[in-house]
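These notes concern the structure reproduced below.
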Amino acid sequence: MSWHPQYRSSKFRHVYGKAASKEKCYDCVPITRNVHDNHFCAVNPHFIAVVTECAGGGAFLVIPIHQTGKLDPHYPRVCGHKGNVLDIKWNPFNDFVIASCSEDATVKIWDIPKHLLTRNITSPKKELLGHVRRVGLIEWHPTANNILFSSGYDYKIMIWNLDTKEDVISNPVKILDAHKDVVLSMSFNTDGSLLATACRDRKIRLIDPRAGTVLQEASYKSHRVNKVLFLGNMKKLFSTGTSRWNNRQIALWDQDDLSMPLLEEDLDGSSGLLFPFYDSDTRMLYVVGKGDGNIRYYEISPEKPYLNYLMEYRSHLPQKGIGMMPKRGLEVSACEIFRFYKLIPTKSLIEPISMIVPRRSESYQEDIYPLTTGAQPALTAQEWLNGVNKGPLLMSLRPGSGAMNSSPQSSEPEPPTKTTVPSQRQAQGGRMPLEDVQKLSEVKDSRKWLKVEEKLPKNEKVCLSNGFDIFECPPPKTENELLQMFYRQQEEIRRLRELVNQRDVQIKQLELELRNLCVD
């Protein structure tokens, strides 16, 4: 009887990891020596923040994302904590606001200036005082603006509403007191209505954060959980931990039944922690090992076998922490679908690692870049606290299709338009893609030149010049930015050619109608 291997069709079967060259790394960065099990790094399209080693309190560095190479040893720091900084997270809806927590039992919110730092930042924008022991974990809400969760060694999770004028907030809006030990990990589902936690008592809990009730609890003894992660809208949880024999282990759980894992797999006998990352757009799961240089990646499927192993990126340099770039900061011209920032304390180096889909074409690959989470909140803090659930607002990654700037002025959701198709897309939680804007602008132009009587929206504005927004996009400074602008111009030229062809056809039709009228 012959053995026939099962081949599975996948666009991501040949994804490979590519480390950045030496000049595109961040060198001479004094990375923290703290043994706390966190990422110690946070990234957005403008900055990379990394917890640093310092004496007399805690500090972290905020480096502009394009400022690669050797770092000045006297580079300014954010140093307002009295104890070691344990976690940092960027606001998902404002690229110039970052939260930090520390061993001094406080959580601080910082405003980062848009220009280059010239001196240390010591005074925070807001200070959150509620925990009585050190705070080890913070998470921003995925869809509601200015909602922050913090977890401390007092076994409590606190929910903070930052939509207040107070500089010092001492009363959280909600305290979740469902754990009997330290919370090791927190993860939200897509709309932020459910919270999954991993606790040191080896249990996974599924919590309704607004009600404060535990909906599900896993007490499976052969899997000691360290990190837990929601897998988007698939109603599944993924966890990393150790087995009874202290092997590193991964497990997949059904969200509605945590009594037994759907899948359980031992990886190796190393002692380092495993950090999971999930990309809901490509359904790819990345497992990053702490203390080694490996990044395993899988593809998730809704049916058995659920977890399909793809490949493993290997490096001889061990990572202490890892940062992840949001999808809106990737280079779509290079078919990059994920980017890590690897902390290597032995060399004081931060090394970007790009996960790339090999494609020959240099044009925009729409099949690997579906609509993704944008930088606009779907809800206000008060709406979420009042019980409203809403999925994230989506945006297209096509160059020139929308502003990728996440500034405080543009943090409000877009008003719905009067047209049928775009409003339907916005009702589904997405932003209007460029194709709809282009169609509307084409119809408006044809009405202007050919006097065609059609009903059109009055409030639609298109501020595109050569395919990009002249008010949002600055002139290109690097080779990649110049390349992206070139692709935008090519796309704009193609669109204008199509528009000219459509007008030629309409002119010929009108000429034919005039001839027919003259003959009649």
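The values are calculated or read from the model by the stated rules, or taken from the named source; none is laboratory data. As the structure is a prediction and not an experimental result, all values here were calculated from the model. Note that we place each Cβ from the backbone using ideal geometry, even for glycine, and neighbour counts take in every protein chain shown. Ligands, DNA and RNA are stripped out before the accessible areas are found, and what is left, the full protein with its side chains, is counted by its heavy atoms. Shrake-Rupley method; radii C 1.70, N 1.55, O 1.52, S 1.80 Å.
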Please list 3J(HN,Hα) in residue order for region 271-284, calculated via the Karplus relation 6.51 cos²θ - 1.76 cosθ + 1.60 where θ = phi - 60°; whole Hz, with x for glycine and proline. 9, x, 6, 10, 9, x, 9, 10, 10, 6, 6, 9, 6, 9
State the volume of the convex hull built on the alpha-carbon positions of region 162-288, expressed per residue in Å³ and rounded to an integer. 137 Å³
Based on the mean of other Cβ atoms within 10 Å per residue, sort peptides 377-390, 17-30 so the most packed one is first. 377-390, 17-30
Under a plain spin-label model, where a point goes 7 Å from the Cα along Cα-to-Cβ, how far apart in nm are Ser301 and Asp163? 4.3 nm
Just to check I understand the Karplus step: with θ = phi - 60° and J = 6.51 cos²θ - 1.76 cosθ + 1.60, what whole-Hz values come out for region 358-363, glycine and proline as x? x, 9, 7, 6, 9, 7
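Past 25 Å, Cα to Cα: identify those pairs from Lys22/Lys342; Lys11/Lys304; Lys125/Lys347; Lys108/Lys235; Lys126/Lys236; Lys11/Lys327, in the order given.
Working: Lys22/Lys342 13 Å; Lys11/Lys304 19 Å; Lys125/Lys347 33 Å; Lys108/Lys235 33 Å; Lys126/Lys236 35 Å; Lys11/Lys327 18 Å.
The pairs that break the limit, which is 25 Å between Cα atoms, are Lys125/Lys347; Lys108/Lys235; Lys126/Lys236.
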With r defined as the distance between the Cβ atoms of Arg133 and Glu511 and R0 fixed at 56 Å, what FRET efficiency is calculated, to the nearest 0.05? 0.10
Averaging 1/r across every pair of distinct alpha carbons in region 16-368 and inverting yields a Kirkwood hydrodynamic radius, in angstrom, of 20.8 Å
For Gln319, enumerate residues with amide H under 5 Å from its amide H, sequence gap 5+ or separate chain, H modeled in the peptide plane. Gly291, Asp292, Gly293
Mind listing the phi-derived Karplus ³J(HN,Hα) values for region 254-260, rounded to whole Hz, using 6.51, -1.76 and 1.60 with θ = phi - 60°, and x for any glycine or proline? 7, 4, 8, 8, 9, 6, 8
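Averaged per residue, what accessible surface does region 16-368 expose to a 1.4 Å probe, in Å²?
40 Å²
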Using alpha-carbon positions, what is the distance between the centroids of region 203-256 and region 269-293, in Å? 15 Å
Would you mind telling me the share, in percent, of accessible area of region 236-297 contributed by carbon and sulfur at probe 1.4 angstrom? 41 percent
Restricting to aspartates and glutamates and to Cα separations under 14 Å from Lys320, and discarding same-chain partners fewer than 8 apart, the set is Asp37, Glu53, Asp87, Asp292, Glu351
Restricting to DSSP loop positions (anything but H, G, I, E, B) with no more than 15 other Cβ atoms inside 10 Å of their own Cβ, which trypsin sites (Lys or Arg not before Pro) remain in region 266-328? Arg314
